[in-house]
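Enquirer: One structure, as structure tokens, below. Some questions next.
The values are calculated or read from the model by the stated rules, or taken from the named source; none is laboratory data. Nothing here was measured: the structure is a model prediction, and the numbers come from that model. Glycine gets a Cβ as well: all are built from the backbone with ideal geometry, and neighbour counts include every protein chain shown. Side chains are part of the model used for accessible areas, which takes the heavy atoms of the whole protein and leaves out ligands, DNA and RNA. Shrake-Rupley method; radii C 1.70, N 1.55, O 1.52, S 1.80 Å.
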Amino acid sequence: MTTCVYPGSFDPLTKGHLDIIERGAKLADQLVVGILVNANKQPMFTLEERMRIMRAAISHLSNVKIVPFDGLLVDFLKEQGAKTVVRGLRAVSDFEYELQMAQANRDLYPEMETIFLVTNVQYSFISSSVVKDILRHGGDISHLVPRASLEVIESITGGK
Ligand code: ADP
């Protein structure tokens, strides 16, 4: 059985992330979405909230599971019995960081591979940071996050 891991902060999940999850799920028998417990920055949504927001959006995907993780990605891969990481690329600006991470990870775990999925052009400007900025200022995020996730986000933020 091939297992791929799609790691990220998902603070919160966006339509761009969901697109990568749906496409990644077709590439493997099982896709493990690894949610970073301790994101570098203080997250807007707690781990529990980020998991609820994601769970609402992936109920149609039978081979996707959500697993929180902390520490090195390569250790998480080994724990999950996976040798492949899926990441999304939006722009050249993502590439520099992603290349470095992919190389650092392979340095630690030479058997692994990172697969980059190129963003669907309609989602290329969407990021969790943009969603959070709009949320903080009371703007409309309904076109940026999956519909099922929107309801959960609104229940957490009180629709403010
Ligand atoms: P991280 O904090 O690890 O960058 P993110 O949750 O921001 O985690 O993103 C996780 C992955 O999803 C990254 O590979 C990122 O490039 C990708 N991603 C984020 N937004 C989009 C998008 N709109 N389209 C495609 N991929 C995306």
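Enquirer: Considering only segment 57-98, state which residues are of a type in the set (Asp, Glu), over 24 Å from Ser127 (Cβ atoms) and either open to solvent by 90 Å² or more (accessible area, probe 1.4 Å) or in contact (Cβ under 8 Å) with a residue 12 or more places away in the chain (or both). First the steps, then the outcome.
Expert: Of all residues in segment 57-98, those of a type in the set (Asp, Glu) come to 70, 75, 79, 94, 96, 98.
Now drop any that are not over 24 Å from Ser127 (Cβ atoms), which leaves 75, 79.
Of everything in segment 57-98, just one residue is of a type in the set (Asp, Glu), over 24 Å from Ser127 (Cβ atoms) and either open to solvent by 90 Å² or more (accessible area, probe 1.4 Å) or in contact (Cβ under 8 Å) with a residue 12 or more places away in the chain (or both), namely Glu79.
Enquirer: Let me ask you something else. Evaluate the following for Ser155: is it in a helix (DSSP H, G or I) and under 15 Å from Pro12 (Cα atoms)?
Expert: So Ser155 passes the test.
Enquirer: I'm checking my understanding of the structure. Among residues of segment 107-158 that are within 16 Å of the ligand (Cβ to nearest atom) and open to solvent by 70 Å² or more (accessible area, probe 1.4 Å), which one is farthest from Ile53 (Cα to Cα)?
Expert: Ranking the qualifying residues of segment 107-158, first place goes to Glu113.
Enquirer: Answer yes if at least one residue in segment 81-92 is modelled with pLDDT under 95, within 14 Å of the ligand (Cβ to nearest atom) and not in a loop (DSSP other than H, G, I, E, B), and no otherwise.
Expert: Filtering segment 81-92 down to residues modelled with pLDDT under 95 leaves 90-92.
Remaining after also requiring within 14 Å of the ligand (Cβ to nearest atom): 90-92.
Right, trim to not in a loop (DSSP other than H, G, I, E, B) and you get 92.
For segment 81-92, residues modelled with pLDDT under 95, within 14 Å of the ligand (Cβ to nearest atom) and not in a loop (DSSP other than H, G, I, E, B): present.
Enquirer: Considering only residues of segment 1-43 that are touching a strand residue (DSSP E or B) at 6+ places or on another chain (Cβ under 8 Å) and in a loop (DSSP other than H, G, I, E, B), which is surrounded by the fewest Cβ atoms within 10 Å (Cβ to Cβ)?
Expert: That would be Met1.
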